[in-house]
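Accompanying notes for the structure given below.
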Amino acid sequence: MFGNMPELKIGHLRAKLPIIQGGMGVGISLSSLASAVANEGGIGIIAAVGIGMNGGAIEGDFHEANAEALRQEIRTARSKTDGLIGVNVMIALTDADRLIEVSVEEDVDVVIMGAGLPLKLPRFIIEKGFDNIRTRFIPIVSSSRAAELIFSHWGKKYSHIPDAVIVEGPLAGGHLGFKSAELFQAANTLENLIADVISAMKPFERQFQRPIPVIAAGGIYTGEDIYKFLQLGAAGVQMATRFVTTGECDADIRFKEMYLDCQESDLRIIESPVGLPGRAIDNEFLQSVVEGEKKPFKCPWKCLRTCNFEKVPYCIAKALILARRGKFYYGFAFAGANAWRAEKIISVHELMDAIKNEFRHESRIMRPDKTQSRPCLAFDHA
C-alpha cells in the first residue's frame, strides 16, 4: 500500500520493517530492547561488547563470562519474540571469534560486524560451512573502499560474500570509522557514502548472482530520514539513538535521562582511548579527561586489541558500563548527533508507530501521485 515501508530482505530473512536497531554497548541494547524491536517487525540487536560486565562486579575472567552472558541474552530475547534477532560484535574485541561462535551456535538471524574489517573469519565458520549456517553476516563500513576490500577478500578466500552491508556515516554515536579531520568533509556525508557503496556492490551482485542490500546508518532518526535513504537506493536503515529513550531500552533510567536533558551543544567528538574519534554527551567526566586528569585503573583483561591500557587516561569499558548503570561521575554516554531531539520516554511500540507515521507523511508529501512506482531498493539491481 502506498505510504507503507517496504520489507527488508536479507537472504532468506524478511523483516516487516526496513529497520535494524543498532547495537549499543556496553549493556544498552540487550534482550529487552532487541525483543521489543523484533516484535514490532524490525531486527532487534544485542550488543555483545562487554556483555559479561553487566553483573555486579566488573573485574574477573571475562572471556567465558562474556560468551555465557551472550548466550543467555540471546535465549532470553528468543523467549520474548518470534521476530528477527541479531548480535553486534566488534571485530576489535579480543574475544570476537568466540562471540561470533556463540551467536551462530544459537542460530541468531544476523551477526553484524563493526569496529574493524572482518577479513579473517573464525575457523569454526569455515569448518562448518556457510551452507550449514542459518545466520546471515553483515559488516559495517564507512567507505566504499572498505566494502570492496571485505567483499573481494571473502569472495576470493571463501567463495562467499557477506549477505548485506551497513554503511555508517559520521553522524553516528560511539566510535566512528573516520579520522577526526574527515568527519565534516562533504565526501563523507551518508548520502554520498550510500551512493558509492551501492555502486561498489554491483559487480559482486553480478558475480554471485544475488542482491546485496545496502543499509544506511548514522544520524537516521525519523521516518522522513528512512524515506529519504530508501529513495537514494538503500534497502533499509540502522537506527540506535532514538531507541535509547524507550522503556524497553536496557540502560538505567539515569542513562536515558542524560539523553532527555542534553542540548545539541552538549554533543561533542572525543578521542577515545582505543585510538578512534567518538561522539558522546559532554559531562564532568569527559571535561576532567580533557583537562589532563588520569583515571587510574587495573586492566582485568585486554578486551580490545587496540587498547594500550598502560598509557590511556581511563578504561573505556569501565566508563561505559558504569554510565549504563547511571554512575556518570565515573563515565559518560555515547550518543548520535540527534540525541538532543529526544523529549520523553515512550515504548518501542509507540516509537515504531511514530516512525511509520512519519514515513507515510513524508511519502505523501514527496510523491503525491499514488500511481508512481515504489522506491527503488538496492536489491532490485542484482
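FYI, it's all coordinate maths here, none of it is from the lab. Please read these numbers as outputs of a predicted model, since none were measured by experiment. We place every Cβ from the backbone using ideal geometry, glycine too, and count neighbours over all the protein chains shown.
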Residue-normalised 222 nm signal for the chain, counting each DSSP H run of n ≥ 4 as -39,500 (n - 2.57), nearest 500 deg cm²/dmol, is -10500 deg cm²/dmol
Label model pair ARG341, LYS156: point-to-point distance (7 angstrom along the Cα→beta-carbon line) in nm is 4.1
Checked against the positive end of the charge dipole of the chain (+1 on Cβ of Lys and Arg, -1 on Cβ of Asp and Glu, about the Cα centre), the farthest of PHE359, MET258, GLY336 is PHE359
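Provide Rg over Rh for the chain; use the alpha carbon set for both Rg and the Kirkwood Rh (inverse mean inverse pair distance).
Radius of gyration relative to Kirkwood radius: 0.94.
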Any helix of the chain counts here only if DSSP assigns it H throughout, its Cα atoms span 24 Å or more along the axis, and its mean Kyte-Doolittle hydropathy is at least -1.0, and such helices are 190-208, 348-366
Set LYS16/LYS356; LYS9/LYS80; LYS120/LYS156; LYS179/LYS256, cut-off 19 Å on Cα-Cα distance; pairs above it are LYS9/LYS80; LYS179/LYS256
Per the rule of 0.36 nm per residue minus the C-alpha distance, extending ARG14 to GLN72 adds in nm 18.4 nm
With a Förster distance of 30 angstrom and the Cβ-Cβ distance between SER199 and LYS128, calculated FRET efficiency to the nearest 0.05 equals 0.35
Taking 0.36 nm per residue of separation between LYS327 and ASP107 and subtracting their Cα-Cα distance, the length gained on full extension comes to 75.7 nm
Cβ-Cβ cut-off under 15 Å around ASN188, Lys and Arg +1, Asp and Glu -1: the net charge is -1
